[in-house]
Each structure stands twice: as C-alpha cells, then as structure tokens.
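The structure appears right after this line, and notes come after that.
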Amino acid sequence: MTRPVPVLVSRCLTGEPCRYDGRAKPAVTSRFPADRVRWITVCPEKDGGLPVPRPPCEIEAGATAADVLAGRARVLTREGREATREYVRGALLACEAAQREGAKLALLKARSPSCSPCGVYDGGFSGTLTPGRGIAAEALHRAGLGLFSEEELGALEDALNHLK
C-alpha cells in the first residue's frame, strides 16, 4: 500500500473562510481521495499575521514577487498601507511547512498576491492580471515545489500520477 502524497494547499481552497473578504472558496480538495493525498493547509496571509477579513493587497505596480522577497518592492493596500512584512513572513512559513511535511507539490489560489502560481493583479487595483507569481508561490517555486492553481486540477492529477 502506498502512502498519501503530501501536498501543500491554500487553506481557502479547503473551504475555510480565510480569504481577504472573509469568505471561503469551494473545497476542491474533495476531488482527491484521502488515501491518495495528504493536504498540508496554509494561508500565508493569515499565517503571516494579517486579519480576516482584511483589505485587498497587491504587489506594487511594476514589481514582482521576486522583487518583494529581495526587499526591492512592497505589498500595499489600495489605501497605501504596507503589508510586505506579513506577506514575506507567510511565504517563509509556507516553505517551512512544505519542507517539514515533505511536500513536493502545492495547490494554490489563483490570482492571489500571496499564492498565485500563474498571474497576479498589476498593482494598480485595476483588475488587470499580469504574468507572475504571488509571494508565497515564488518562495515555494524557489524551494523546488511544483505549483498548480485550482484552475489546473487536471495537471495536478497528472503530477500525482507521475510521482507513483
């Protein structure tokens, strides 16, 4: 019998109401049987010290998650309040959880300034997506994890099959 594969997951994708607006997303994790996947839940924003609910944040215009991790850019609310420290702390905690639990894959919330593996908002609160990763996603990528969003469940399934 094989052991379940440890996979890091954005806590909001498990149905927990921890998003910036205090809501949850539908639990996409139920698609994967417990004997196949062991979910390691993280919410980098909440774990980093931000409240629920909280003002929406974006990486400042023209910058990337790599810039934030290098200390060259900030994460800001629409009103200009800085939340960089909490985002970076949450990203580091997510990496620690992945390492501690042996996760090699992560299922992360798309379009999140923290978790998105595939696109973030442009920093102008315009609703415009730009290529790039969220801060925790960038840190997890650097740590060698395979990243997937809830919009890529088929690709995650393929990756799980490849690990067998």
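Side notes on the structure shown:
- The chain: DSSP helices with Cα axial extent of at least 24 Å and average Kyte-Doolittle hydropathy no lower than -1.0: 84-101
- Accessible solvent surface per residue of the chain, calculated while the other protein chains remain in place, 1.4 angstrom probe, Å²: 50
- Mean separation of Cα contacts under 8 Å (6+ apart) over length of the range 25-113, as relative contact order %: 31
- Only one residue of A73, L92, G134 has its Cα farthest out toward the positive end of the dipole of the chain, where Lys and Arg carry +1 and Asp and Glu -1 on Cβ, and that residue is L92.
- Of all the options S149, S30, S116, the one that moves most in a Gaussian network model of the chain with Cα springs shorter than 10 angstrom is S30.
- Computing FRET efficiency as 1/(1 + (r/R0)^6) for A24 and A143, where r is the C-beta to C-beta distance and R0 is 30 Å, gives about 0.70.
- Choice from P33, P56, P44 showing the highest fluctuation, given a GNM over the chain with Cα pairs closer than 10 Å: P33
- Sequence-separation-based contact order of the chain, relative, with Cα cut under 8 Å and 6+ spacing, percent: 22
- Projected onto their three principal axes, the Cα atoms of the chain cover extents of 53, 29, 26 Å, largest first.
- Expected 222 nm ellipticity per residue - DSSP helices of 4 or more, -39500 (n - 2.57), all of the chain, to 500: -8000 deg cm²/dmol
- With the convex hull constructed from alpha-carbon coordinates only, the range 1-65 shows a mean projected area of 5.6 nm² over all directions.
- If R0 is taken as 22 Å, the Cβ-Cβ distance between D35 and A155 corresponds to a FRET efficiency of 0.55.
- Element breakdown for the chain at a 1.4 angstrom probe: carbon and sulfur atoms account for 51% of the accessible area.
- Between A70 and R89, the distance separating the two model label sites (each 7 Å from Cα on the Cα→Cβ line) works out to 2.5 nm.
The values are calculated or read from the model by the stated rules, or taken from the named source; none is laboratory data. Worth saying up front: this structure is predicted, and the values here are computed from it rather than measured. Here the Cβ is made from the backbone with ideal geometry for all residues, glycine too, and neighbour counts use every protein chain on show. Accessible surface areas use protein heavy atoms only, side chains included; no ligands, DNA or RNA. Shrake-Rupley method; radii C 1.70, N 1.55, O 1.52, S 1.80 Å.
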